[in-house]
1. Can you check what the net charge comes to around L391, using other residues whose Cβ is under 15 Å from the Cβ of L391 (Lys, Arg +1; Asp, Glu -1)?
2. Residues of region 349-389: accessible area per residue at 1.4 Å, in Å²?
3. With the Cα gyration tensor of region 143-204 in hand, convert its eigenvalues to equivalent ellipsoid semi-axes via √(5λ) and list them largest first in whole Å.
4. Sorting Y363, Y254, Y168 by accessible area (1.4 Å probe), largest first, what list results?
5. How much net charge surrounds L120 when only the other residues with a Cβ under 14 Å from the Cβ of L120 are counted, with Lys and Arg +1 and Asp and Glu -1?
6. Which links in K80/K213; K102/K382; K80/K387; K382/K418 stretch past 32 Å when you go from one Cα to the other?
7. Summing Lys, Arg as +1 and Asp, Glu as -1, what charge do residues with Cβ under 9 Å from the Cβ of A226 carry, A226 excluded?
8. Just the accessible area per residue of region 90-221, please: how many Å² with a 1.4 Å probe?
Amino acid sequence: AVSTPQPSSENPVVQQAPTQRPKRKASEIENSHTAESIPAAKSQTVATKPPLPKLESDAEEMKREADPERPCFGEPAEGKVRFHAIRNDGGVRNMLWLLQLKQIFSRQLPKMPPQYITRLIFDPHHVSLGLFHGHEPIGGIAYRPFYEQEYAEIAFCAITAKLQIRGYGTLLMNHLKAHVLPSGIRYFLTYADKFATGYFRKQGFSNKLTLRKMLWDGHIKHYDGAELMECAIIQHVDYNAIPRMLRHQRDYLYRCIREQTPSAVVYRSLDNDPKYFVNEPSKADQYAIPGVLESGWQQPEAASDDVCAGGNGAIKTESNSTPNDKRVDLQESLQSIFKELEATNFTWPFLKAVDPEEYPQYYVQISNPIDLSIIRTRVESKSYESKHAFLNDIGLMCANCRAFNTDPDNDFVACANKVEAFIRPRV
């Protein structure tokens with residue numbers, strides 16, 4: 001989910017009068033009276049509601065995070081997902097779709113007041129590009145186009161928690177860029193908080209603005225605690241073909257590597273040959289192991305006596321480290337791990353304590369509540385004596401979440417599982 005901070009109290013949101021559009025061909029702009037369907041491929045009508053895509057384990061999802069060819073990028077061509085540009089035209093179908101998107105935005109953007117989200121996405125000046133799996137929306141982007149100035153302001157962007165870290169956010173943004181190009185939109189502007197800037201940077205956004213201020217100042221909404229980011233849309237780029245282009249580039253590089261290096265050669269295994277498994281490993285002939293000599297590996301030189309003895313330039317080892325050194329290393333490590341955790345997009349349910357007015361039974365069922373604000377205070381005050389204590393607090397927070405939300409498919413439980421899967425390998 002891409003979170004957006006609340007509107008500034010100093011700069012109250014004022015409903016702007018619609019900007020007059022330049023005259024364009026009817027085929028180039030959205031029809032303001034009907035929802036525009038953007039099918040990515042021909043799909044057959046299905047009588048029953050199809051299930052959501054099968055989820056991988058958290059570890060598998062994170063492993064695929066850097067892979068430019070996610071499985072979801074092939075789903076539009078297979079007809080598994082569709083895109084619809086939706087306006088509030090008073091029609092029943094559009095109203096239902098907007099209500100479903102409003103629920104996704106409200107759930108994934110907890111800092112935004114639900115009334116504010118409702119007002120914007122039901123405003124006829126805004127368009128919502130919804131990503132649908134069958135008849136059910138799984139994400140969307142709400143934006144307001146300013147056709148005369150040739151830019152659009154992105155208000156909300158979110159993917160349902162179950163399908164995050166699988167590339168659907170990139171897929172949705174690519175389709176939005178391709179969708180607005182025919183209508184003359186050349187720039188996107190959006191305000192992003194610290195949890196959203198990472199996502200937007202991956203999509204080509206930057207805090208270096210090239211669009212003249214006179215074009216957007218006074219037209220877009222300003223937010224506290226966020227930075228304004230811009231993305232230029234290049235006319236000759238086919239944004240929907242980017243995954244395929246990256247795959248071709250990667251395959252070309254792999255072919256060049258295989259042609260110029262022996263990296264693709266597979267050497268025979270050791271097959272439990274006793275000459276490689278000796279009681280004293282130092283006596284083993286490393287160069288006799290198949291592939292070691294061919295790879296160019298060399299025996300590392302032994303450290304000099306004065307360094308090993310702790311003379312000038314001595315290397316700090318576990319034996320000569322003081323308790324104070326170890327404590328400093330522990331605190332720096334925990335601060336780094338916690339900073340990485342806060343930068344993820346699945347910690348939003350745990351950022352602050354559960355509201356007792358919204359969930360009055362929570363503090364009846366949970367005897368030892370804890371959240372990331374408490375853990376942050378303990379990390380900053382250097383209260384943890386070991387990584388085990390830090391891990392215990394994270395585990396308690398996730399266990400409380402699962403104890404209160406008994407449905408294993410609940411979005412909060414999914415986030416708790418992702419937090420644990422993220423933390424355990426690092427601690």
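1. Details: positive: R378, K387, R424, R426; negative: E340, E385, D393, E420.
After counting each charged neighbour, the total is 0.
2. Values: 2760 Å² over 41 residues.
Heavy-atom accessible area per residue stands at 67 Å².
3. Values: eigenvalues 96, 36, 18 Å².
So the equivalent ellipsoid measures 22, 13, 9 Å along its semi-axes.
4. Values: Y363 95, Y254 115, Y168 0 Å².
Largest to smallest exposure gives the sequence Y254, Y363, Y168.
5. Working: positive: R87, K102, R119, R144, K221; negative: D123, E153.
Taking every other residue near L120 into account, the sum is +3.
6. Numbers: K80/K213 41 Å; K102/K382 41 Å; K80/K387 44 Å; K382/K418 25 Å.
Listed pairs above 32 Å: K80/K213; K102/K382; K80/K387.
7. Values: positive: K194; negative: D193, D224, E227.
Neighbour charge sum, excluding A226 itself: -2.
8. Details: 4710 Å² over 132 residues.
Using a 1.4 Å probe on heavy atoms only, each residue of region 90-221 averages 36 Å².
The values are calculated or read from the model by the stated rules, or taken from the named source; none is laboratory data. All values derive from a computational prediction rather than experimental measurement. Here Cβ is always computed from backbone atoms with ideal geometry, including for glycine, and neighbour counts include all displayed protein chains. Just so you know, the surface numbers come from the protein's heavy atoms only, side chains and all, with ligands and any DNA or RNA stripped out. Shrake-Rupley method; radii C 1.70, N 1.55, O 1.52, S 1.80 Å.
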